[in-house]
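Take a look at the structure below.
The values are calculated or read from the model by the stated rules, or taken from the named source; none is laboratory data. These numbers were taken from a predicted model, which means no experiment stands behind them. Quick reminder, even Gly has a Cβ in these numbers, built from the backbone with ideal geometry, and neighbours come from all protein chains shown. Remember, those area values only see protein heavy atoms, side chains included, never the ligands or the DNA or RNA. Shrake-Rupley method; radii C 1.70, N 1.55, O 1.52, S 1.80 Å.
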Amino acid sequence: GNLLRTWGDGVFSNPHGVAIGPDDAVYCVDNADHTVRKYSPVGELLLELGGERPAPAMAGRPFNMPTHVAIDPRNADIYVADGYSNARVHRYASDGCLLSSWGESGTDEGQFNIVHNIATDREGYVYVADRENHRVQIFDSNGKYQTQWNNLHRPCAIYISQEQHVY
């Protein structure tokens, strides 16, 4: 219970999501300044995605109020839930190169109404908490729709443990 260290003072406008990568890097999503930042465990900035100006709302380009990030444990690809003003998932290589994006506003398979949270499993599946559509949609690592879990009341978060337990 003893505080060991802090970092990030003065950096974040509205921190919204955080994830720990397989290499213990800390990924922080700030939905007010439209960034995803990767830090070492002691707070050294290693990578920054986005920033400056937001993409136009619902334009599909990164980012307009991103909400969360997940890291593929197989290859360290970065999946960003770009959810409040852009119904998209963006996939980046570990070096920050944009690989692909998918999704649009709507209620059909592969469409979203607030991409609020995101998780990956060790087999490469991507789980998206589609909050206002009351479901979790599951995709392969390239964004191909696989299935969905329906009738969930506003799923806000999803977490997959190293043992592959889904919470």
Convert each backbone phi in the stretch 136-145 into a coupling constant with the Karplus relation 6.51 cos²θ - 1.76 cosθ + 1.60 (shift: θ = phi - 60°), then list the ³J(HN,Hα) values in order as whole Hz, x for Gly and Pro.
10, 9, 10, 10, 6, 5, 9, x, 7, 4
Check each of the GluC sites (Glu not before Pro) in the stretch 61-160 and keep only those in coil by DSSP with at most 14 other C-beta atoms within 10 angstrom; list them in order.
104, 109, 123
Between 36, 126, 18, find the one with the highest GNM mean-square fluctuation for the chain; connect C-alpha pairs within less than 10 Å.
18
Accessible-area value, residue 46, 1.4 Å probe, nucleic acids and ligands omitted, Å²
90
Under the Karplus relation 6.51 cos²θ - 1.76 cosθ + 1.60, θ = phi - 60°, what is the ordered set of whole-Hz ³J(HN,Hα) values for the stretch 21-27, x standing for Gly and Pro?
x, x, 9, 6, 5, 10, 9
Using a cut-off of 11 Å between beta-carbons, work out the net charge of the residues near residue 97 (Lys and Arg +1, Asp and Glu -1, residue 97 not included).
-1
Per the rule of 0.36 nm per residue minus the C-alpha distance, extending residue 152 to residue 104 adds in nm 15.3 nm
Apply the a/c threshold of 1.5 to the C-alpha gyration tensor of the stretch 9-136 and tell me whether it is rounded, prolate or oblate.
oblate
Enter the Cα centre distance for the pair the stretch 1-50 and the stretch 96-130, rounded to the nearest angstrom.
21
Quote the charge dipole size of the chain about the Cα centre in Debye, to the nearest 20; the model charges only the Cβ of Lys and Arg (+1) and of Asp and Glu (-1).
220
Among 29, 78, 57, whose Cα lies farthest out toward the positive end of the dipole of the stretch 10-88, if unit charges sit on the beta carbon of Lys, Arg (+1) and Asp, Glu (-1)?
57
Distant-in-sequence amide H partners of residue 86 (H built 1.01 Å from N, under 5 Å):
58
Residue 23 to residue 75: extension gain in nm, 0.36 nm per residue of separation minus the Cα-Cα distance?
17.6 nm
So what J values fall out for the stretch 86-99 if you push phi through Karplus, 6.51 cos²θ - 1.76 cosθ + 1.60 with θ = phi - 60°, rounded to Hz, Gly and Pro as x?
7, 7, 9, 10, 10, 10, 10, 5, 4, 8, x, 7, 5, 9
